[in-house]
Amino acid sequence: MSTLKPIVRRSTEEIATESMREYILGGRAEVGSRLTEFGLSESLQISRGTVRSALQRLTGEGLVRLVPYTGWEVIRLSGHDVWELYTLRASLEVLAARLAAQKMNDERRQEFRAVFDGLSDACKNASSRRIRDSDYAFHQLIVQSAEHQRLREQYRLIEQQIRLVIASSNALISEPAEILEQHRPMLRALIAGDADEAVKLIEHHALEEGEKLRRAIEENSADR
């Protein structure tokens, strides 16, 4: 008998949070734009209380903030914010990469190849959402493969902000194929179990792409 997948029950708040999260990460919500509980409840056809709960969750994820006497707004990352995120991300992923490479086995190699294939397919189809998700999935797998619970917990705290940085960084790249080629040498080093090379490549990637984004944000701010 074929196995049926269990039905996963989700609350309205979870669905609303996911919808609003994608609205922000997908770039459809302008940075710094105001989010009103009334407007969101009308658009999503849910109660303002549910919207408020979803906004509070997104605030905890670092995607939204509550401005006193003004209301909710989409987070606007400054150059310094980006610097903090990419340096922290690099530190966590460097440790994860070393441990992941040292623990590499055939099962993990298959997982990395599958995730890379997903990124390749997303790049071929030029789907910005799929590229973002597949890009993040690659780095998330590095962290998971480290088999370091406390490291995973720390990474999870900034998960959505890392997604935002990845989406913003990828938006600066005109050819999706370039994103794929950035990850190919990292894949090779990891599946080869070459910890030193994996660490070097992953640190360089996080710092270089993060610095490009920081400069772009600061240049854009100076032009205003």
Practice prompt. Working only within segment 142-153, note down all residues that are open to solvent by 10 Å² or more (accessible area, probe 1.4 Å) and in a helix (DSSP H, G or I).
Written response: GLN144, GLN149, ARG150, ARG152, GLU153
Item to complete: Among the residues of segment 81-101, write down those that are farther than 15 Å from LEU164 by Cβ and not polar (S, T, N, Q).
Response: ALA90, LEU92, GLU93, VAL94, LEU95, ALA96, ALA97, ARG98, LEU99, ALA100, ALA101
Fill in: Test: LEU77 is open to solvent by less than 80 Å² (accessible area, probe 1.4 Å), within 30 Å of ASN220 (Cβ to Cβ) and at pLDDT 95 or above
no
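Taking segment 67-91, which residues are part of a strand (DSSP E or B) and in contact (Cβ under 8 Å) with a residue 40 or more places away in the chain?
Scanning segment 67-91 gives GLU73, VAL74.
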Worksheet item: What number goes with the only condition from (1) within 26 Å of GLU153 (Cα to Cα); (2) without any contact (Cβ under 8 Å) to a residue 24 or more places away in the chain; (3) in a loop (DSSP other than H, G, I, E, B) that GLU107 does not pass?
Response: (3)
Worksheet item: Of the residues VAL199, VAL115, VAL94, which single one is over 30 Å from GLY60 (Cβ atoms), in contact (Cβ under 8 Å) with a residue 24 or more places away in the chain and surrounded by 15 or more Cβ atoms within 10 Å (Cβ to Cβ)?
Response: VAL199
Fill in: In segment 32-43, the residues that are assigned to a helix (DSSP H, G or I) and surrounded by fewer than 19 Cβ atoms within 10 Å (Cβ to Cβ)
GLU37, PHE38, GLY39, SER41, GLU42, SER43
Discussion item. One residue is enough: does segment 44-66 have a residue meeting the conditions at pLDDT below 90, loosely packed, with under 14 Cβ neighbours inside 10 Å and not in a strand (DSSP E or B)?
Written reply: no
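The values are calculated or read from the model by the stated rules, or taken from the named source; none is laboratory data. It should be emphasised that the depicted structure is a prediction, and the values quoted were computed from it without experimental measurement. Neighbour counts run over all protein chains shown; Cβ positions are idealised from the backbone, glycine included. Note: areas computed on protein heavy atoms with side chains; ligands, DNA, RNA excluded. Shrake-Rupley method; radii C 1.70, N 1.55, O 1.52, S 1.80 Å.
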